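Only the coordinates and a few stated rules stand behind these numbers; no lab work does. Source: prediction; values computed, not measured. Note that we place each Cβ from the backbone using ideal geometry, even for glycine, and neighbour counts take in every protein chain shown.
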Amino acid sequence: MIFFALLVAIVLDYSFPFPYERRLQPFVNGWQARATRWTVDAPDWAVWGLRVGAPVVAASLVYWLILWVAAPFAWVWLMLVLYVCAGYGDFKDEMSPLGLFGRVMANVEASDGAFKADEAIRYAWRRVVGVWLSFLILAVAGFGPAGAVLFRLAAPTPEATEAPGFAGRAWHWISWLPARLMVVSCAMVGAFDGAMGAWRQPSDRDATERPEDNESLVLHGVLGSFGENSVITPGMIERLMTRLMRLLLAFVLLATLIL
């Protein structure tokens, strides 16, 4: 069920990208604004719990309800939520394409037209691969599509490098396992020593980065998976994302057949 949900969601996202920023983001912003007003005097953990936790719980409750009422259709809910959360149709054809997805954020390229590999990797992590991995982790644990909702809502805004306060701490723990799974996946489809070196030797990262920074780990792991290449191109990131997609589908299919 999880395999078919993941497969169909990827095919739909490739063929008919969901315009998340235009269709759904206004509703998300409205909900989070109301949640902030309702918890104006509450601690920051309560604000985060209502802004992010409530939709996550709702996604799981709907999944469990469908399992109870009509279990064969539960995969449809899995697929729809993943398709919506990993969709970013508003970015299609904005700048240089990332191959398979064909759409990137406006700030992936610098004003002078130079490709910014770190921004492209951060975008692919926050909006694509991280959502997939988080979805798989909680779906296997029995929480339905909650992982996709959790990762998408908890991720910092595209302009921010990290979230403040409790939201930042929550984001660290939410992204901890997916970040390491992404590095391992990059090592399996790219240069193994380069990718794993970012994990084994955090001291090689910039002095301004914390060793426990998950996003820094992902960035350096992805860059390391390209080996000795000094110039990263959109085509290289496209091929990496395609290989990661195939690896995830193969892993989920194998697990489905075995279990």
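Counting charges near Ser185 (Lys, Arg +1; Asp, Glu -1) among other residues having Cβ under 12 Å from its Cβ returns a value of +3.
The simple spin-label model puts a point 7 Å past each Cα toward its Cβ; for Phe27 and Arg239 those points are separated by 4.0 nm.
Provide the gained length on full extension for the span Val76 to Trp45, in nm with one decimal, where the gain is 0.36 nm per separating residue minus the Cα-Cα distance.
Stretched out fully, the Val76 to Trp45 stretch lengthens by 7.9 nm.
Among 4-12, 129-137, the peptide with the highest mean count of other Cβ atoms within 10 Å heads the list, and the full ranking is 129-137, 4-12.
Can you pull the one-decimal nm distance between simple spin-label points at Asp193 and Leu7, each 7 Å off the Cα toward Cβ? Inter-label distance under the simple model: 3.8 nm.
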